[in-house]
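Colleague: Structure in structure tokens, see below.
The values are calculated or read from the model by the stated rules, or taken from the named source; none is laboratory data. Nothing here was measured: the structure is a model prediction, and the numbers come from that model. When we count neighbours, we look across all protein chains shown, and the Cβ atoms used for this are built from the backbone with ideal geometry, even at glycine.
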Amino acid sequence: MSSLSRLTAAIALSAATLAALPSHADEARYNQVALRAEVSQDVAHDLMNVTLYTEAQNDDPAKLAADTTETLNIAVERARQAKGVTVKLGSRNSYPIYDNDGQQITGWRERGEIRLESADFATLSKLTADLLKNLKMGGMDFAIANPTRKKAEDELLKDAVAAFKARADIATAAVGGKSYKLVSLNLNSAGFQPIRPMRMDAMASMSKSAAPQEIEAGTSEVTVAADGVIEVQMP
């Protein structure tokens with residue numbers, strides 16, 4: 001037999017052998033059950049956010065802008081002196097004021113914000129009360145800082161896996177299986193963090209007094225979910 005004939009025969013034999021082998025990629029998988037388990041815990045808010053603003057109007061837009069800038073700069077400089085407080089400029093908008101007929105511009109109104117953030121509630125509360133002598137309260141809310149959230153999620157991972165295993169055991173027994181194999185498992189944070197806003201009456205009380213407002217920051221629920229698939233081994 002020539003070399004070419006032997007090569008052709010070998011290729012044909014190999015193809016026949018491959019065709020006879022079972023295709024594991026297409027092999028059907030039976031007795032699979034999809035499961036989900038969630039664990040959660042309440043985590044105390046450890047981050048306080050405050051928005052303060054100045055708002056005024058003037059016939060001269062240039063003077064209005066200059067006055068707004070000066071007011072914000074003074075507030076920012078004062079806020080930067082407070083240890084542990086992050087200071088950012090917020091939104092700033094200027095718009096015309098029209099007469100009753102809506103035809104002529106009679107003046108301009110401008111609003112500018114500063115945003116403060118700190119884990120030190122007492123310091124930020126005191127600073128806010130001080131700045132409210134010249135600014136107005138735009139809002140106050142509380143949240144979980146990212147490092148705190150990550151730590152809580154890491155602690156919940158083991159609990160989520162344990163909860164998934166418990167459900168897998170229940171599901172296996174329910175269908176009459178003797179054991180199970182884990183096919184897939186995904187661990188995810190729910191990613192939902194409700195922010196606790198401060199009540200309007202509390203904000204009003206803070207704006208009227210230079211004394212620091214007592215703060216009740218509250219909590220948010222941190223959740224970790226385990227989604228997976230098991231393959232039940234039947235007797």
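Colleague: Within region 137-171, track down each residue that is exposed (fewer than 15 other Cβ atoms within 10 Å of the Cβ), in contact (Cβ under 8 Å) with a residue 24 or more places away in the chain and under 30 Å from residue 90 (Cβ atoms).
Modeller: 145
Colleague: Restricting attention to region 129-167, and to residues there that are part of a strand (DSSP E or B) and of a type in the set (Gly, Ala, Ser), which single residue is farthest from the chain's Cα centre (by Cα)?
Modeller: The residue in question is 138.
Colleague: (1) over 22 Å from the mean Cα position of the chain (by Cα); (2) among the β-branched types (Val, Ile, Thr); (3) surrounded by 15 or more Cβ atoms within 10 Å (Cβ to Cβ): which one isn't true of residue 87, the others all being true?
Modeller: Failing condition for residue 87: (1).
Colleague: Sticking with this one: May I ask you to verify whether residue 183 is under 28 Å from the mean Cα position of the chain (by Cα) and at pLDDT 95 or above?
Modeller: On the way: under 28 Å from the mean Cα position of the chain (by Cα): no; at pLDDT 95 or above: yes.
Judged against the criteria, residue 183 is not a match.
Colleague: For residue 118, all conditions in the list (1) touching a helix residue (DSSP H, G or I) at 6+ places or on another chain (Cβ under 6 Å); (2) farther than 10 Å from residue 50 by Cβ hold save one; what is the number of the exception?
Modeller: Looking at each condition in turn, residue 118 falls short on (2).
Yes or no, residue by residue, for (1) within 24 Å of the chain's Cα centre (by Cα); (2) modelled with pLDDT of 95 or more; (3) surrounded by fewer than 18 Cβ atoms within 10 Å (Cβ to Cβ):
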{"site": "53", "(1), (2), (3)": "no, yes, no"}
{"site": "71", "(1), (2), (3)": "no, yes, no"}
{"site": "75", "(1), (2), (3)": "no, yes, no"}
{"site": "82", "(1), (2), (3)": "no, yes, no"}
{"site": "99", "(1), (2), (3)": "no, no, yes"}
{"site": "102", "(1), (2), (3)": "no, no, yes"}
{"site": "111", "(1), (2), (3)": "no, yes, no"}
{"site": "124", "(1), (2), (3)": "yes, yes, no"}
{"site": "127", "(1), (2), (3)": "no, yes, no"}
